1. Being within 20 Å of Tyr190 (Cβ to Cβ), more than 14 Å from the chain's Cα centre (by Cα) and open to solvent by less than 10 Å² (accessible area, probe 1.4 Å) is the filter here, so list the residues in the stretch 122-165 that pass it.
2. Can Ser183 be described as open to solvent by less than 10 Å² (accessible area, probe 1.4 Å) and at pLDDT below 95?
3. Does Ile195 satisfy the criteria of being of a type in the set (Val, Ile, Thr), more than 19 Å from Ser109 (Cα to Cα) and touching a Pro at 6+ places or on another chain (Cβ under 6 Å)?
4. Going by what's in this entry, would Arg169 be described as free of Cβ contacts under 8 Å to residues at least 12 places away in the same chain, in the same structural domain as Gly150 (by the TED database), out of contact with any Pro (no Cβ under 6 Å at 6 or more places or on another chain) and open to solvent by 10 Å² or more (accessible area, probe 1.4 Å)?
5. Checking the conditions here, which among Leu269, Leu276, Leu305 is in contact (Cβ under 8 Å) with a residue 24 or more places away in the chain, within 25 Å of Leu348 (Cβ to Cβ) and assigned by the TED database to the domain that holds Ile334?
6. Just the residues that are within 11 Å of the chain's Cα centre (by Cα) and among the hydrophobic types (A, V, I, L, M, F, W, C), please, taken from the stretch 179-203.
7. Going by the structure shown, is Glu210 within 18 Å of Thr313 (Cα to Cα) and under 21 Å from the mean Cα position of the chain (by Cα)?
8. Which of the residues spanning the stretch 95-116 are assigned to a strand (DSSP E or B) and either within 23 Å of Ser132 (Cα to Cα) or of a type in the set (D, E, K, R) (or both)?
Amino acid sequence: MATLCFQSPSKPISYFHPKSKPSPPLSTKVSLFRCRASVQTIVAVEPEPVFTSVKTFAPATVANLGPGFDFLGCAVDGLGDHVTLRVDPSVRAGEVLISEITGTTTKLSTNPLRNCAGIAAIATMKMLGIRSVGLSLDLHKGLPLGSGLGSSAASAAAAAVAVNEIFGRKLGKGELVLAGLESEAKVSGYHADNIAPAIMGGFVLIRSYEPLDLKPLRFPEDKELFFVLVSPEFEAPTKKMRAALPTEIPMVHHVWNSSQAAALVAAVLEGDAAMLGKALSSDKVVEPTRAPLIPGMEAVKKAALEAGAFGCTISGAGPTAVAVVDAAEKGEEIGERMVEAFMRGGNLKAVACVKKLDKIGARLVSSISR
């Protein structure tokens, strides 16, 4: 598949520096913000809306995948966020109103400038050059905040796709990733290993950030792959988890991690779940510094491997643990052992689920024509 290349709208974060601090939520219940995203308008003529309303879905994502810190990620099926977007004559032209937030959390700001979905919607409107239509947006959170499953990216992806769909799908997935990166950069840092797979589906390799260069990796259709996701009742703030990362690494660890990341990519392309799991478990740079910050994580990984998982690591910044298997029933058994290990090793309650790879990414769920 051809590589997608785009010039990024802002500078990337340094490899081991903490992400930028998200803005504090505002007290207002409903706010408006005119399109002022830094991305550029790329559609010559302002498109007319083809729908009066659309509903979209964007999946959860697993970032890093062990040795792929900030440059590898994948989407998982069955978990994610929904956005409902409407052409709203009561909203001023060129503006977005976030009218309602429901689901796993309702504490998010409804100011579009400080909301992942709002920022991405604004950026997409800017790309499309929308100046004559106002939109209202409802966000339904299916993902908890700070879970390590790409919660902010799911909201951004669903919103960007919704705006694109309501105006006739004028933008490609690569451009929508840029819109989503506007959101990620403002709330969690300039990294695409969540937003790219959330929009594009499957596995995605971020080859470069300057310019942004994305490479989708196709897992063979005839091969089975399941993710065991175990989320404990514990908050692992991204800022804290990134601050724990080393500023320097030994050359031997750099060589090791590079070889494991290469093996992981090869395993994806070959559909080799066993090799994928082995590579995913072999990070010697990021996981060793983060695992001790999540009570029980080391015991959970050991339990997963002893129960037959091909590999196990931290999903994103955590605290969710992700294990790799090739059969759903086997995954359910492993999930039970991992839940037990979180309680035994960290005194944390946890829930487990087994999910397939999401190969589609953010998509239209329903629509109402004009």
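The values are calculated or read from the model by the stated rules, or taken from the named source; none is laboratory data. All values reported here derive from a predicted model rather than from experimental measurement. Reconstructed Cβ throughout: ideal geometry from the backbone, glycine too, with neighbour counts over all protein chains shown. Surface accessibility is based on the protein's heavy atoms, side chains included, excluding ligands, DNA and RNA. Shrake-Rupley method; radii C 1.70, N 1.55, O 1.52, S 1.80 Å.
1. Within the stretch 122-165, Ile122, Ala123, Thr124, Met127 meet the criteria.
2. Yes, satisfied.
3. No: the conditions fail for Ile195.
4. yes
5. Leu305
6. If the condition is that a residue be within 11 Å of the chain's Cα centre (by Cα) and among the hydrophobic types (A, V, I, L, M, F, W, C), then Leu181, Ala192, Ile195, Ala196, Ala198, Ile199, Met200 are the ones that fit.
7. No.
8. Listed by number, the residues that qualify are Glu95, Val96, Leu97, Ile98, Ser99, Glu100.
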